[in-house]
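The values are calculated or read from the model by the stated rules, or taken from the named source; none is laboratory data. Values in this document were obtained by computation on a predicted structure and should not be read as measured data. All Cβ positions, even for glycine, are placed from backbone atoms using ideal geometry, and neighbour counts span all protein chains on display. Please note that ligands, DNA and RNA were not included when accessible areas were found on the heavy atoms of the full protein model with its side chains. Shrake-Rupley method; radii C 1.70, N 1.55, O 1.52, S 1.80 Å.
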Amino acid sequence: MTTFPLLAVLLPFAAAAAGLLLSRWRPGRPPTTTRPPTTTTGADRAAWIAILPTAAAAVLAAWLAWTPGFSYFTHTTTPASPTGQPYGTITTGGVPISLTLQADALSAVLGVLVTLVALAVQIYSVGYLRDDPRYPSYSAFISLFTSAMLLVVYAGDLLVLYVGWEIMGLCSYLLIGHWWEDRGNSRAAIKAFLVTRLGDVGFLFGIFVLGMGAGSFRIADVLARVPEMSTATVVTATMLLLAGVAGKSAQVPLHTWLPDAMAGPTPISALIHAATMVAAGIFIVARLFPAFLAARPTLDVLAVMAALGMLGAALAALAQDDLKRVLAYSTVSQLAYMAGGLAAGSDTAAVFHLLTHGAFKALLFLCAGVVIHHVGSNLMTQMGGLRRELPVTFVTMTIGFAALMGLPPASGFFSKDGLLLAMDRALAGPGLTDAAALLLYGCALATVAVTGAYATRAWLRTFFGEPRAVALPEPPPGTAHVVDVREAPRTMLVPVAVLAVPALLLGFAGELHVAFGVAAVSVVLALLGAGVVYAFWRSDPLADPARLLGPLRAPCERAFYADTLYAALFVRPILALATAVVRTDDTVVDGAVRGSGRSARGLSGLLRLAQNGNVQLYVSGLLAGVLLIAVGAVVFT
């Protein structure tokens, strides 16, 4: 049983390797590059290769979470090698690296979330991308993505964790840019890769600071030695780690990549937003929570980041017309809720909301995929009246929106109540400064109302009113299917129906200690936001309720011009500097080389005049030289 974490990581990895190597192979025929990239048989084979190992990994993860008393698969339980070091230990100078995995309570429950969402996405993708010629590589990259996230979840060493952390960045780039024929998709993939890499620079240095301060990269050793470290070391390490957390979990100021990542297939959006990339940053803070508790300035910074992110992203979601971008900004806002709970000192509430959010956000994205698959567009201006055409999707997406708004008895009600209670207690607690705690709690309450508003707006514009969809011709690769009068294929509906169960009932799995005062305020605020949007929609069902924002609508739609600001402060100056460097290299460095060549050629031209092949000129020069020597000898002697 101690090998279960290792098997859970290796099974999706083996599926990725097999999917890339075997999905296009036909028995009796060697693979060729001239044959079409995939066939029905190849797609079916790729689907089974992806689904079965992921299902096995989900069973193993569930067993680990269910089995009481299971703790570690670490080098302390392995025999020593002839050199005296335990097997699985790499000596690199003063601090060894331990190739260890662990399955404590935190990693066990996160492992279940990752594998179940990945399994739902794999099954859903069979129907969603049934005609895509690159489906085999797509399913293989999802398997690699799953394996990388499981390595992060089960890693017992910070550097082993970092390996999975970086592989996830590669997979996100490959999957967001799956439809790379569209230049916008490839740019979105590059943007996601570069922005997250920027945060990962700080993350890696934070790992180094913690490891050197503790004398070990093993997570258990690092946490045990946090009390022995100086305050400066802990604060420096956690601040650097926070950069990586902001990048992976799309928090202010490194949040701008996530909305553009909607360029990828919708199932990938569900995977990234619910169980892998964005969940990894929150998981890291929860995994190293004792270190963050010992760094009070870091918690203040985290609280300010969370406050700005949750309210700003919620307002941005209220103004979007693209359904997937609404959900993308919603993810930024909900992750900021979790970051706020961690800053307020409650890792339990943050992890609980991470689990419920994984369920209902995966459900919402997969339902959005059904809607887009049906309509042929991401824009809500081309949707409406779909509750009769998509009854299953309507019911399940309603459950998802209820959980997102925090309405009872949906799961989000219980988990969001825990976060708000933690932030309320932080006002009088010793953890955060008064200003940070007040900003955090005030923004959290305002975000509850805005969340109710944007969720209700998306629900009404998608499923109510007059149908506005118009059948489109068969789209080019990289866009959704045309309008269909039927519900989605069964492979898409089954994962949606299954995810609706935890989205509705997962809240009852936790300890039901509801703070009725905080819960009542939360529900009233959510209903208030929903009621305002409903009133605006009811007055004119054809108009967008986002008009309630008034002059703030344009800034909210542009996400407060964060991309424009970054372009002005960083992108254009760096491009100008790069242009100056190129010109300097061309005119100064290469110019000096070219100039020395021209000078040498000119000098050689002068010397060539004396080497013209005229023997009389050579003899005359020789006699002139002898004469000059003789005259010099007579004169100077």
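Among the residues of segment 129-164, write down those that are more than 19 Å from S98 (Cα to Cα), among the β-branched types (V, I, T) and surrounded by fewer than 21 Cβ atoms within 10 Å (Cβ to Cβ).
Scanning segment 129-164 gives no hits.
Could you grab me the full set of residues in segment 421-442 that are open to solvent by 20 Å² or more (accessible area, probe 1.4 Å), assigned to a helix (DSSP H, G or I) and closer than 16 Å to M305 by Cα?
D434, A435, L438, L439, Y441, G442
Within segment 1-40, take every residue that is β-branched (V, I, T) and closer than 12 Å to Y135 by Cα and give me the one that is modelled with the lowest pLDDT.
T38
Given L390, L432, L407, L364, which one is of a type outside the set (S, T, Y) and within 27 Å of the chain's Cα centre (by Cα)?
L364
Collect the residues in segment 356-382 that are among the hydrophobic types (A, V, I, L, M, F, W, C) and either without any contact (Cβ under 8 Å) to a residue 12 or more places away in the chain or surrounded by 24 or more Cβ atoms within 10 Å (Cβ to Cβ) (or both), keeping them in residue-number order.
Result: A359, F360, A362, L363, L364, F365, L366, C367, A368, V370, V371, V375.
Check whether at least one residue in segment 399-421 is at pLDDT 95 or above, within 24 Å of A546 (Cα to Cα) and among the β-branched types (V, I, T), and report yes or no.
There is at least one residue in segment 399-421 that is at pLDDT 95 or above, within 24 Å of A546 (Cα to Cα) and among the β-branched types (V, I, T).
Is it fair to say L308 is surrounded by fewer than 24 Cβ atoms within 10 Å (Cβ to Cβ) and of a type in the set (A, V, I, L, M)?
yes
Among the residues of segment 288-303, how many are among the acidic types (D, E) and farther than 20 Å from C443 by Cβ?
So the count comes out to 0.
Consider V332 against the criteria (1) farther than 24 Å from L242 by Cβ; (2) in contact with a Gly (Cβ under 7 Å, 6 or more places away or on another chain): it satisfies all of them except one. Which criterion is unmet?
Result: V332 passes all but (1).
Return the residue satisfying two criteria in turn: it lies in segment 496-531 and is over 22 Å from T398 (Cβ atoms) and either buried (at least 20 other Cβ atoms within 10 Å of the Cβ) or among the β-branched types (V, I, T) (or both), and of such residues it is modelled with the lowest pLDDT.
Among those residues, the one meeting the criterion is V514.
Identify, from the list G309, G345, G281, the residue that is touching a helix residue (DSSP H, G or I) at 6+ places or on another chain (Cβ under 8 Å) and at positive phi.
G345
Could you please find all residues in segment 532-556 being within 23 Å of L445 (Cα to Cα) and surrounded by 14 or more Cβ atoms within 10 Å (Cβ to Cβ)?
V532, V533, Y534, F536, P545, A546, L548, L549, L552, R553, P555, C556
What helices (runs of 4 or more DSSP H), lying completely within segment 197-292, carry at least 2 residues that are surrounded by 24 or more Cβ atoms within 10 Å (Cβ to Cβ) and free of Cβ contacts under 8 Å to residues at least 60 places away in the same chain?
Those helices (runs of 4 or more DSSP H) span 231-248, 277-287.
Taking segment 78-107, which residues are small (G, A, S), within 25 Å of L354 (Cβ to Cβ) and modelled with pLDDT under 90?
A103, A105 - these are the residues of segment 78-107 that are small (G, A, S), within 25 Å of L354 (Cβ to Cβ) and modelled with pLDDT under 90.
Within segment 588-606, is even one residue in contact (Cβ under 8 Å) with a residue 24 or more places away in the chain and assigned to a helix (DSSP H, G or I)?
No: zero hits.
Counting only residues that are in contact with an Asp or Glu (Cβ under 9 Å, 6 or more places away or on another chain) and under 13 Å from L440 (Cα atoms), how many does segment 305-350 have?
3
Please pick out the residue among A349, A314 that is farther than 18 Å from E557 by Cβ and assigned to a helix (DSSP H, G or I).
Sole residue among the options that is farther than 18 Å from E557 by Cβ and assigned to a helix (DSSP H, G or I): A349.
Matching residues to (1) at pLDDT below 95; (2) touching a helix residue (DSSP H, G or I) at 6+ places or on another chain (Cβ under 8 Å); (3) closer than 26 Å to S143 by Cβ:
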position	(1), (2), (3)
P253	yes, yes, no
A261	yes, yes, yes
S269	yes, yes, yes
H273	yes, yes, yes
L288	no, yes, no
A303	no, yes, no
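If you check G169 against the conditions, is it assigned to a helix (DSSP H, G or I), over 20 Å from I282 (Cα atoms), touching a Ser or Thr at 6+ places or on another chain (Cβ under 6 Å) and not acidic (D, E)?
So G169 does not fit the description; no.
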